[in-house]
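The structure appears right after this line, and notes come after that.
The values are calculated or read from the model by the stated rules, or taken from the named source; none is laboratory data. Keep in mind that what you see is a predicted model, and the values were worked out from it rather than measured. Methodologically, a virtual Cβ is constructed for each residue, glycine included, from the backbone with ideal geometry; neighbour enumeration extends over all protein chains shown.
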Amino acid sequence: MPTETRTTCPYCGVGCGVIATVAEDGAVSVKGDLDHPANFGRLCSKGSALAETLGLEGRALHPQIGDRSTDWDEALDLVAARFSETIATHGPDAVAFYVSGQLLTEDYYVANKLMKGFIGSANIDTNSRLCMSSSVAGHRRAFGADTVPGTYEDLELADLVILTGSNLAWCHPVIYQRIVAAKERRPEMKVVVIDPRRTATCDIADLHLALRPDGDLALFNGLLAHLADVGAVHCEYVANHTSGFPQALEAARGLSPDGVANATGLRRPEIAAFYDLFAATQKVVTCYSQGVNQSSIGTDKVNAILNCHLATGRIGRPGMGPFSLTGQPNAMGGREVGGLANMLAAHMALESAEDRDRVQRFWGSATVASKPGLKAVDMFDAVADGRIKALWIMSTNPVVSMPDADRVRAAIEACPFVVVSDIQADTDTARLADVLLPATGWGEKSGTVTNSERRISRQRPFIATPGAARPDWWQLAQIGRRMGFDGFDFTAPAEIFAEHAALSAFENDGTRDFDIGAHATIDAATYDALGPFQWPQREGTPQTESRFFANGGFYHADGKARLVPVSAPVPARTSSDYPLILNTGRIRDQWHTMTRTGKSARLSAHMAEPFVEIHPDDAAKLEIRDADLVALESPWGRAVLRALVTNRQQRGSLFAPMHWTGEFSNAGRIDALVAPVTDPHSGQPASKHVAVRASRHPADAYGFIVSAQGPKALDISYWAIARATGGWRLELAFDTRPGDWEDWCRTRFDLPVGAESIGYADAMTGDLRLAFFAGSRLLLALFIARQPVAVSRSWAVTQLLQEHADARTRYSVTAGRPGAGRPDPGATVCSCFSVGINQITAAVSAGCHTVEAVGQKLSAGTNCGSCRAEIRGIIHACHPLAAE
Ligand SMILES: Nc1nc2c(c(=O)[nH]1)N[C@H]1C(S)=C(S)[C@@H](COP(=O)(O)OP(=O)(O)OC[C@H]3O[C@@H](n4cnc5c(=O)[nH]c(N)nc54)[C@H](O)[C@@H]3O)O[C@H]1N2
Ligand SMILES: Nc1nc2c(c(=O)[nH]1)N[C@H]1C(S)=C(S)[C@@H](COP(=O)(O)OP(=O)(O)OC[C@H]3O[C@@H](n4cnc5c(=O)[nH]c(N)nc54)[C@H](O)[C@@H]3O)O[C@H]1N2
Ligand code: SF4
Ligand SMILES: [Mo]
């Protein structure tokens, strides 16, 4: 009998419920959980493809010391000994943990307890520093606690949804779909998108404000002044529940309306339209994400938004409030356990002696850290200059994701002792480990995560643990014990969760927002059966409020919120040497450093290569054409990416994805360019605003390969590799052409000696085609040209799975285009049903003028719906008047 397990998606902070089915033959399939209140059965493209990412390819399966596999005892003893020795000789601040918002709460709790409670240092920071820390800092300044006041339902109930610095359609697709559905039900609902780029999210925007990068602070300050001018301030709420309004307003009035227009680059009528809408609408939710957080003025931007909601009292009531969208599946859980270097546990404050004493008594420890630890960027500085001598990196890939990534890589290389816990053995970071500890991954491990709306859900195992992998919490508890500390005798996640719940309620009495005391004595069976619930869930009280602050009740000592006066100018970073602003972020079908989504051919087909979006005018000035390679340089590093010339991008700024790593490309690691500039309050890097210059990257030849096997090391000026069904696809560029192409392919791809080759070269054009076969199977096809190769990728990759029994079909491979009767589907748009752009265009020409009609004809867009915005875009491009 197939078995069904209810669990939670391991990707974004929406926290969708998933039902994983394991068939009798072991095959796994996933579908959305209809009963889960985050998604009610929906999943996006990444969630739908989860089963394709569970393969063991590249998994870390045994502990490793250097290049040698070993057993857990030897590896753990070594880690415990090296950490203990380092602490004994150099003090507790000479060691550090760098962890992740993708750890489960139970893992995270043990990591924080070990470092802050027993090692006695607060040198534990997390990739959430790069993600949510400006929101945390903004919340704490305004509310006195890191509280997200609202729920997802508010987004459906709102009459105005503002999405600022959020590409919701690609990054929180299921919330996006909930808004789309709500807007269909209530067409009077308005959506405003504030983003320098025209993103897929703009598909539902009534108004898109393409503001200057980092113009948000001025925009929301101007809004506060406007609200005061038109009498939209809720005087009673402001008087009873807040302080600081006059000062905040005075700071906001520092800019005249023309000043706001200058700072934002927006026209005054657009600004006025937005301000009027906000002032006139009671039910407003303002969602914000990395376009707000990842900025050197990120915390101030957060407070500028919170100020507008506090001034109008639009907070904590149905359909109203500021809403920080968390990125990672357990960004919120990490905040609850105090995983950031400047937090304690259970939303207690490291700077409060009373809180420290309370946590110390609860843990029964001798040493609780008494001062904040180093924040991510400072932490890697301390690794670089030798202050930190032993480092444990867990569930994050900083060689790819940290700013100034080449320096981070050098720092890790130079660190005397580096432990990495990961599920994959060969990530850019794992390669540098002195000790690699294999972790259990999604589907194997057990614990809880908290989503953006404070909802705690279980992740449950449904497949066997591969090799010797062990859960992260177990690794941490083992080290705690082996370092001689009490309090790490956990034998299962349920015990850790119970302790975490007990700490949240310990001497709380309503003084702290985070309280899940109702679960303080949870047993294993109840934990196994635990359904999704929102916090707070205090002991002995029925679950009541799921929103905060409608009637005040803030966590500052006086119970009032603070409106924070903010007035920082728009940062000016460009110069004549580095005249362009580089903005970085996400694409629809990849997750961060691609260690999991990169395994799925379907997900890799959407955008198979690192790229940079550039406005046509900038491209023309730089003599860059679409599909050229572009070199980007900043004072910190360099990258080479494919040019995508598009007017979705504004002039003077570029966009590149954050995902590509040294595993998938030779020069696509964009964080090598990102300056380690951080927000002064939160320490969050400004990953969306980097000064760079761009130039055309010349090549003597360009290439495209489909291959059944991946290559050995490639020594050429540009390559990028992606999974394809039945093998791999590669984009290439050569400074100098190899003398013998056939030999180049055979040696780089280890082709069998008996592989037969066919092909042709055109000396005039420089075109070359070469294909290698083993019997009727295609092993490798190479396409070379002087210009970027124009062969249809989507057609070429299907050739790996075709039978090539006769000469005609073999030659059709080298011809590089589909034969009669086999149309080219074009680049993948719908990854669920692998439908390409050419198929959609053909359907539009054949009369399908709505997304629904295209769906009926091709199924595209009818499963997860993540591509519906793109399909609408294609319809608009083909039939500008036909699409609604
Ligand atoms: N597909 C996919 N989804 C993901 C992830 C993923 O890797 N892939 N990661 C998850 C994680 S951890 C996170 S944190 C979230 C991030 O989710 P988002 O924050 O929505 O994603 P980003 O693409 O980083 O950036 C959002 C937008 O901010 C815009 N922006 C840049 N500068 C500014 C500015 O100055 N002002 C404004 N208003 N906007 C600006 C960018 O153009 C971009 O479109 O996504 C989560 N979801
Ligand atoms: N330029 C630029 N840089 C950015 C951003 C940006 O927008 N622009 N965004 C930033 C943000 S918001 C974020 S959240 C970060 C994300 O950046 P990272 O955290 O570095 O990216 P991931 O690929 O999610 O890394 C997770 C790692 O954990 C491993 N892993 C998966 N499951 C488990 C497990 O159960 N246990 C263990 N031990 N390991 C596991 C994965 O294989 C992978 O190596 O990037 C940040 N960097
Ligand atoms: S929106 Fe997609 S990635 Fe995010 S939790 Fe849901 S299924 Fe997973
Ligand atoms: Mo994130």
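Descriptive notes on the structure:
- In the range 262-295, the residue that is farthest from Ser135 (Cα to Cα) out of those that are small (Gly, Ala, Ser) and buried (at least 21 other Cβ atoms within 10 Å of the Cβ) is Ala263.
- Test result for Asp513, over 24 Å from Asp355 (Cα atoms), under 29 Å from the mean Cα position of the chain (by Cα) and either crowded, with 20+ Cβ neighbours inside 10 Å or in contact (Cβ under 8 Å) with a residue 12 or more places away in the chain (or both): no
- Some residue of the range 331-348 being more than 30 Å from Gly117 (Cα to Cα), within 16 Å of ligand 3 (Cβ to nearest atom) and surrounded by 24 or more Cβ atoms within 10 Å (Cβ to Cβ): no
- Given (1) under 30 Å from Ala568 (Cβ atoms); (2) touching an Asp or Glu at 6+ places or on another chain (Cβ under 8 Å); (3) of a type outside the set (Asp, Glu), number of the condition Ser717 does not satisfy: (1)
- For the range 12-26, filtering for residues that are aliphatic (A, V, I, L, M) and either within 15 Å of ligand 2 (Cβ to nearest atom) or more than 29 Å from Leu168 (Cβ to Cβ) (or both) leaves 3.
- Qualifying residue in the range 782-799 (condition: farther than 19 Å from Ala722 by Cβ, modelled with pLDDT of 85 or more and in a loop (DSSP other than H, G, I, E, B)): yes
- Identification of helices (runs of 4 or more DSSP H) wholly contained in the range 236-282 with 2 or more residues that are in contact with a strand residue (DSSP E or B) (Cβ under 8 Å, 6 or more places away or on another chain) yields 268-280.
Each row is one residue, and each column tells you yes or no for (1) modelled with pLDDT under 95; (2) assigned by TED's automatic domain parsing to the domain that holds Asn451; (3) within 10 Å of ligand 3 (Cβ to nearest atom).
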position	(1), (2), (3)
Pro10	no, no, yes
Gly13	no, no, yes
Val18	no, no, yes
Val22	no, no, no
Gly26	yes, no, no
Lys31	no, no, no
Asp35	no, no, no
Asn39	no, no, yes
Ser45	yes, no, yes
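- The residues in the range 412-445 that are under 13 Å from Phe380 (Cβ atoms) and either within 16 Å of ligand 4 (Cβ to nearest atom) or touching a strand residue (DSSP E or B) at 6+ places or on another chain (Cβ under 9 Å) (or both) can be counted, and the count is 5.
- Residue in the range 644-666 that is more than 22 Å from Ile624 (Cβ to Cβ), among the hydrophobic types (A, V, I, L, M, F, W, C), surrounded by fewer than 22 Cβ atoms within 10 Å (Cβ to Cβ) and touching a residue at least 12 places away in the same chain (Cβ under 8 Å) present: no
- Applying the criterion of being assigned to a helix (DSSP H, G or I) and within 10 Å of ligand 1 (Cβ to nearest atom) to the residues of the range 199-219, the residue that is nearest to Ala568 (Cα to Cα) is Leu217.
- Flag if Ile388 is in the same structural domain as Asn240 (by TED's automatic domain parsing), more than 16 Å from ligand 2 (Cβ to nearest atom) and buried (at least 24 other Cβ atoms within 10 Å of the Cβ): no
- When Ile874 is tested against (1) outside any strand (DSSP E or B); (2) assigned by TED's automatic domain parsing to the domain that holds Gly726, just one condition goes unmet, and that condition is (2).
- Strands (runs of 3 or more DSSP E) fully within the range 84-185 counting 1 or more residues that are surrounded by fewer than 24 Cβ atoms within 10 Å (Cβ to Cβ), assigned by TED's automatic domain parsing to the domain that holds His309 and away from ligand 4 (no atom under 16 Å from the Cβ): 160-164
- One residue alone among Val99, Val95 is in contact with a helix residue (DSSP H, G or I) (Cβ under 6 Å, 6 or more places away or on another chain), within 30 Å of Val14 (Cβ to Cβ) and in contact (Cβ under 8 Å) with a residue 24 or more places away in the chain, and that residue is Val99.
- Residue within the range 421-432 that is in contact (Cβ under 8 Å) with a residue 60 or more places away in the chain and farther than 21 Å from Trp72 by Cβ present: yes
- Qualifying residue in the range 61-77 (condition: crowded, with 19+ Cβ neighbours inside 10 Å and outside any helix (DSSP H, G or I)): yes
- Which listed residue is part of a helix (DSSP H, G or I), within 16 Å of ligand 2 (Cβ to nearest atom) and at pLDDT below 95, from Glu52, Glu57: Glu52
- Being under 26 Å from the mean Cα position of the chain (by Cα) and under 21 Å from Arg455 (Cβ atoms) holds for only one residue in Val285, Val302, and it is Val285.
- Test: residue in the range 178-190 that is touching a Cys at 6+ places or on another chain (Cβ under 7 Å) and either under 16 Å from Glu270 (Cβ atoms) or not aromatic (Phe, Trp, Tyr) (or both): no
- Residue check, Arg356 more than 16 Å from ligand 3 (Cβ to nearest atom), of a type outside the set (A, V, I, L, M) and free of Cβ contacts under 8 Å to residues at least 40 places away in the same chain: yes
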